[in-house]
Amino acid sequence: MTAAEFTTSVEDYLKAIYELSQTVGGATPSGVAARLGVSRASVSGMVHRLVKQGLVKHEPYQALRLTGGGRAVALQLVRRHRVIEAYLVKALGYSWDRVHEEAERLEHTASNELVDRMAAAIGGPTVDPHGAPIPTAGGAVAEPAYRALSELAVGEKARIAQVEDEDAELLRHLGSLRLVPGATIRYLGQEPFGGSHTIRIGSRTRRLAPSLAGRVFVSELK
């Protein structure tokens, strides 16, 4: 079963379910509707179709779950998207805030062979420019459990591992703060009553709004 066998709409739904399951712990019909910008009625109709095709499982009042076949299709699309992003940055010199929309357009039309050649041309990357893991051509993917920056303990050091990639303005702002994958930070604490989070990066101290600190994910320093 390959992504090429399905419509663009089916692919988008499967990818949305996969990504919501990874980022917020579960894909609800309302979450899928918000992510794709469609109505709940549209989601209900598509979910019924995906269940009949054996791609999704859905029990009343439960999160949507991909079957093995649905997950395989979703991961092919995720691989295309993230390899394209990496290729645009490494081979063509795009900035990391410009590649998401380009990859969204190209992921449905690029063949698996083309994507594999793109990956080989830039050294077989394992993560995209925003730190998200790239599935292998065989459908294997590392799914590390990163913490949000806002969850660090006072004084704890960590490495930026991944950031949300869909907001170009957010990415430009993070870039200006040097909060990019691989950067090392020390968490200095949060102001009272849900105020700003303070970190040190290099010799500079930065204050981050709670909404921003929750969209930057970190790994432990080894």
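The values are calculated or read from the model by the stated rules, or taken from the named source; none is laboratory data. Note that the structure is predicted; figures quoted are calculated from it, not measured. As a convention, Cβ positions derive from the backbone with ideal geometry for all residues, glycine included, and neighbour counts pool all protein chains shown.
In the set (1) within 18 Å of ASP165 (Cβ to Cβ); (2) surrounded by fewer than 15 Cβ atoms within 10 Å (Cβ to Cβ); (3) in contact with a Gly (Cβ under 7 Å, 6 or more places away or on another chain), the condition left unmet by LEU75 is number (2). Taking the listed residues HIS197, HIS108, the one that is closer than 16 Å to VAL78 by Cβ and in contact (Cβ under 8 Å) with a residue 40 or more places away in the chain is HIS108, with no other qualifying.
When you check ILE122 against the structure, is it of a type in the set (A, V, I, L, M, F, W, C) and under 18 Å from the mean Cα position of the chain (by Cα), yes or no? Walk me through it before giving the result.
Numbers: of a type in the set (A, V, I, L, M, F, W, C): yes; under 18 Å from the mean Cα position of the chain (by Cα): no.
No: the conditions fail for ILE122.
Within the range 103-122, the set of residues being charged (D, E, K, R) and outside any helix (DSSP H, G or I) comprises GLU107 only. Look at (1) at pLDDT below 95; (2) surrounded by 13 or more Cβ atoms within 10 Å (Cβ to Cβ) and you find that VAL115 fails only one, number (1). Condition first: assigned by TED's automatic domain parsing to the domain that holds PRO135, assigned to a helix (DSSP H, G or I), at pLDDT 95 or above and of a type in the set (Lys, Arg). Can you find one or more residues in the range 91-102 that meet it? No, because not a single residue in the range 91-102 is assigned by TED's automatic domain parsing to the domain that holds PRO135, assigned to a helix (DSSP H, G or I), at pLDDT 95 or above and of a type in the set (Lys, Arg). In the range 156-171 there is no residue that is within 18 Å of GLN22 (Cα to Cα), in the same structural domain as ARG35 (by TED's automatic domain parsing) and of a type outside the set (Ser, Thr, Tyr).
Where helices (runs of 4 or more DSSP H) fall wholly inside the range 1-85, the ranges with 3 or more residues that are within 20 Å of PRO135 (Cβ to Cβ) and either acidic (Asp, Glu) or not assigned by TED's automatic domain parsing to the domain that holds ASP165 (or both) are 8-23.
Looking only at the range 125-134, decide whether some residue is of a type outside the set (Ser, Thr, Tyr), buried (at least 18 other Cβ atoms within 10 Å of the Cβ) and either in a helix (DSSP H, G or I) or not assigned by TED's automatic domain parsing to the domain that holds ARG35 (or both). No, every residue in the range 125-134 fails to be of a type outside the set (Ser, Thr, Tyr), buried (at least 18 other Cβ atoms within 10 Å of the Cβ) and either in a helix (DSSP H, G or I) or not assigned by TED's automatic domain parsing to the domain that holds ARG35 (or both).
The rows are residues; the columns are (1) touching a strand residue (DSSP E or B) at 6+ places or on another chain (Cβ under 7 Å); (2) farther than 28 Å from ARG215 by Cβ; (3) touching a residue at least 12 places away in the same chain (Cβ under 8 Å).
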residue	(1), (2), (3)
TYR61	no, yes, no
GLY68	no, yes, no
HIS81	no, no, yes
ALA86	no, no, yes
SER95	no, no, yes
ASN112	no, yes, yes
PRO125	no, no, yes
